[in-house]
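First up is the structure itself, then whatever we jot down about it.
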Amino acid sequence: MEAHQEVRRIRKMLWALIGLSLLTSLVVNLSLGWGGIKQRDQSALLAIDEKVFAEEVAKLNLLIRVGTTEIRLLLDQGEKNNPIKGVKALQNLDVSLKALLENTHEDNKHLIRSLIIQSDQLLSLLIKAEDWRGRNDRIGTDLGKDITLNKVRRQLTVIHTLINGIVGKGRLKMTLDIKKYQGAEPSEVVNISKSIIEQHKELLRENIGTLLTELADIQRLVEVLSGERNYDHLPDIKDNKLKPSLGRLARGMSALKHGSAQEEEALKSEILTLNALLFGEGYLIDEHHQTIHVKQGGLYTLIKDHLELQILNGQIREELEKTMVILDRNWIEFVQIEQARQKEVGLKAGESLSATWIAVSLISLIGVMIFLILIWFIFKAVSKQVDTLSDLRQQAEASNEAKSNFLASMSHELRTPLNAIIGFSDIMKLQTFGPLGSDKYHEYCSDISQSGLHLLDIINDILDVSSIEARQIQLNETQLNFPEILNDAIQMIRLQAQEADVVIENEVENNGPALFADMRLVKQVIVNLLSNAVKFTPAKGTIRITKRFDHKGQFCLAVTDTGIGMDDDGVEVAFTPFGMVKSAYESNAKGTGLGLPLAKRMMELHGGTITIESQPKLGTRVTLVFPTERIVTSAATD
């Protein structure tokens with residue numbers, strides 16, 4: 001009764017707390033509303049000024065962003081751009097800044113003038129970037145499609161073909177002389193052999209291999225030139241690599257003797273064309289200064305102009321960044337000064353609300369104090385309830401422990417006379433000291449023995465439950481051969497299954513792991529599962545025992561029957577001590593409802609788990625899961 005009064009008292013304080021919160025909120029809101037109405041006109045004017053200024057700032061920021069974005073887009077190869085849009089934005093920026101200059105306080109005009117200068121500088125950079133983009137696109141198209149480079153490559157191929165043609169004629173003539181030598185008369189052999197030797201010497205003097213190597217070296221240098229990205233390396237490639245190679249190629253060409261005059265002229269012409277493709281029409285080789293003076297139109301000039309444009313790109317970007325640093329600094333300073341001025345106006349307008357805020361603060365402070373007092377009373381009452389619940393829990397735990405101790409004590413006291421009853425009834429059933437007389441006495445002795453054994457099983461289950469709950473059970477852990485334990489358990493249930501006309505299929509056989517566990521408890525768990533399966537499986541039913549290893553490497557043993565099954569509520573009841581599922585009553589199955597709870601607690605002592613999957617009228621699968629630390633060795637997994 002006292003606890004109920006305490007709960008009602010807490011509820012009253014909570015309602016008082018809610019009422020106080022609502023009342024305080026109402027008073028504060030009314031006070032703020034009164035002050036807000038008083039300042040509404042001033043705030044409206046200030047808000048209009050701030051809005052106009054914010055719109056002007058946003059507009060100028062947008063114009064600056066559009067202008068600088070178009071400059072960067074022009075400098076970014078491949079990006080679409082609209083320079084006219086950028087020009088218009090920067091022109092509008094200049095107009096807006098000049099209009100702002102007329103309406104700005106004298107102290108801030110120097111910032112606006114600096115912004116106008118930077119705006120003009122951005123417009124100049126935009127024009128530079130547009131010019132750079134036009135030149136870069138023209139050169140980029142040629143480089144991107146390798147137009148000039150492919151011309152040079154084709155010219156090198158033409159020269160290579162001409163050289164091979166001239167050399168091929170000499171080698172063909174020498175081959176024909178060799179065939180002639182092979183079928184010549186003895187008197188002609190000497191002259192033919194001398195001719196062949198002279199032709200071979202001529203080929204060696206012409207140094208054809210070196211000539212082709214020089215041509216291949218020029219081809220490699222052309223590829224190096226086309227891929228060069230360092231402007232300072234270009235003169236070295238032109239004067240120290242290409243010029244000597246082209247000179248050696250020209251000298252080697254003049255040493256060829258196997259070609260006709262027309263072929264030699266064509267070869268010289270192709271070399272001149274190659275030089276023009278490399279260095280432009282009208283190029284000049286300056287032997288005195290060991291350099292080549294290039295003209296427009298050659299591959300070298302194309303690469304040189306491209307790299308110069310990239311350097312110019314960097315210079316324009318650097319100038320843009322410097323301009324933006326100055327512009328941003330001045331713009332931010334101007335915006336901050338204007339915002340400070342508006343803030344000062346707002347502070348002056350807010351002074352009229354000081355009295356209102358003081359009143360609101362006092363009301364809030366009083367409300368908070370009352371709120372804290374109520375919270376203290378509620379906390380005190382809740383603490384008292386917590387202490388009461390703690391005492392009740394301790395009493396319940398003590399009562400449960402006393403119950404467990406009582407059950408354990410009574411189980412021990414009952415087993416002594418019960419063992420005597422079972423023993424003497426077995427002696428009488430076996431007629432050890434002589435016949436009993438009537439067959440009815442023999443039948444009664446069997447009934448007494450079976451009833452005593454059944455009662456002993458119940459007492460043993462109760463004793464095990466009490467021992468586990470009282471934490472008095474100790475595991476006698478040894479290394480077990482699991483298949484042997486399983487076979488022993490099946491043998492203990494075999495007679496019960498035969499009487500119930502239920503078939504037990506053991507698919508584990510001898511293919512199973514060794515476990516580190518308590519042999520008696522593991523065997524009892526399996527016996528309990530098999531006994532339940534036999535009880536709740538109709539005649540002609542089947543019980544199947546399988547094993548597997550899950551993805552964590554845990555050993556799983558499943559007992560699946562074709563029995564009456566149960567729903568989810570029944571599964572929950574089945575794990576409750578002395579709990580009997582509704583389907584068990586309907587099937588008239590005997591039992592205490594301790595089999596599954598005992599099995600669950602014994603598996604938990606081993607660090608394992610037990611799960612049930614069941615459907616009414618379809619059967620039940622009970623799975624034992626032994627953790628990996630209990631597995632000593634494992635056989636082949638399913």
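The values are calculated or read from the model by the stated rules, or taken from the named source; none is laboratory data. Since this is a predicted model, take the numbers as computed values, not measurements. Neighbour counts run over all protein chains shown; Cβ positions are idealised from the backbone, glycine included. In case anyone asks, the SASA skips ligands and DNA or RNA and just uses the protein heavy atoms, side chains included. Shrake-Rupley method; radii C 1.70, N 1.55, O 1.52, S 1.80 Å.
Data table
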read-out	value
Residue in region 597-609 that is nearest to Gln524 (Cα to Cα), counting only those that are open to solvent by 20 Å² or more (accessible area, probe 1.4 Å) and touching a residue at least 60 places away in the same chain (Cβ under 8 Å)	Arg601
Test: residue in region 97-106 that is over 25 Å from Val52 (Cβ atoms) and in a helix (DSSP H, G or I)	no
Tally of residues being closer than 16 Å to Arg135 by Cα and among the small types (Gly, Ala, Ser) across region 61-94	1
Test: Ala599 is farther than 22 Å from Leu475 by Cβ and either part of a strand (DSSP E or B) or modelled with pLDDT under 90 (or both)	no
Some residue of region 320-334 being more than 30 Å from Glu130 (Cα to Cα) and at pLDDT 75 or above	yes
Residue within region 99-113 that is closer than 30 Å to Thr141 by Cβ, open to solvent by 30 Å² or more (accessible area, probe 1.4 Å) and either at pLDDT below 80 or hydrophobic (A, V, I, L, M, F, W, C) (or both) present	no
Of all residues in region 513-543 being free of Cβ contacts under 8 Å to residues at least 40 places away in the same chain and of a type in the set (D, E, K, R), the one that is surrounded by the most Cβ atoms within 10 Å (Cβ to Cβ)	Lys523
Number of the exception - Gly570 against (1) touching a Lys or Arg at 6+ places or on another chain (Cβ under 7 Å); (2) touching a residue at least 60 places away in the same chain (Cβ under 8 Å)	(2)
